[in-house]
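Beneath this line is the structure, given in structure tokens, with notes to follow.
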Amino acid sequence: MMAPAMSSETQLFRMEDARRQTQRQLELIDRQITRRMTAILPQLARRQTGYHRGKAPDGRTLLERYRANLAELTAERQPEAEALSRKLARQDAAIAAMRDRLSVAGAHHPTSQEG
């Protein structure tokens, strides 16, 4: 026995839900990188402790180490983030196409025409 065909509106809803899940996965990667950088930051700052031989601490060094660590963490997750971004773009295109089909179908539907 075959399952009944899914309505276009139901299919669109499911597509939009899948897109939201993909977006959440991408945001999760960003949050994980931010959380790891937050955990690393005190270690980076500890390496640069106060004045050394009368010289003030150099903020540029801390910033350079921060950027290097951020680049490393981002590079680790880059393939996954890029794959999710491509998936998101495909989902956006599919959702837009489905909405176009629904609007065209609605325009040709007899109940939507004025009498």
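Report, in debye and to the nearest 20, how large the dipole of the range 60-103 comes out about its Cα centre when Lys and Arg carry +1 and Asp and Glu carry -1 on their Cβ. Kindly include the intermediate steps, with their values, before the conclusion.
Values: 9 positive and 7 negative charges, 24 e Å.
So the dipole magnitude of the range 60-103 works out to roughly 120 debye.
What nm value, rounded to one decimal, do you get for the distance between E80 and D30 when each label is placed 7 Å out toward the C-beta?
For the pair E80/D30, the computed spacing is 1.6 nm.
Using the Karplus equation 6.51 cos²θ - 1.76 cosθ + 1.60 (θ = phi - 60°), what ³J(HN,Hα) coupling, rounded to whole Hz, does each residue of the range 25-42 give in order, writing x for Gly and Pro?
Listing the rounded values in order: 4, 5, 5, 4, 4, 4, 5, 5, 5, 4, 5, 5, 5, 4, 6, 7, 3, x Hz.
Please give me the summed charge of the neighbours of L84: other residues whose Cβ is under 12 Å from its Cβ, Lys and Arg +1, Asp and Glu -1.
Details: positive: R19, R24, R77, R86, K87, R90; negative: E27, D30, E80, E82.
Once positives and negatives cancel, what remains is +2.
For the pair I95 and L73, how long in nm is the line joining their label points, each one 7 Å along Cα→Cβ?
2.8 nm
Name the residue from L102, L88, Q78 whose Cα lies farthest towards the positive end of the charge dipole of the range 60-103, charges +1 on Cβ of Lys and Arg and -1 on Cβ of Asp and Glu.
Positive-most Cα among the choices belongs to L102.
Each reported figure results from applying straightforward, stated rules to the coordinates on display, with no laboratory input. All figures in this text were calculated on a predicted structure; none of them were measured in a lab. Ideal geometry is used to build each Cβ from the backbone, glycine not excepted, and the neighbour counts take in all protein chains shown.
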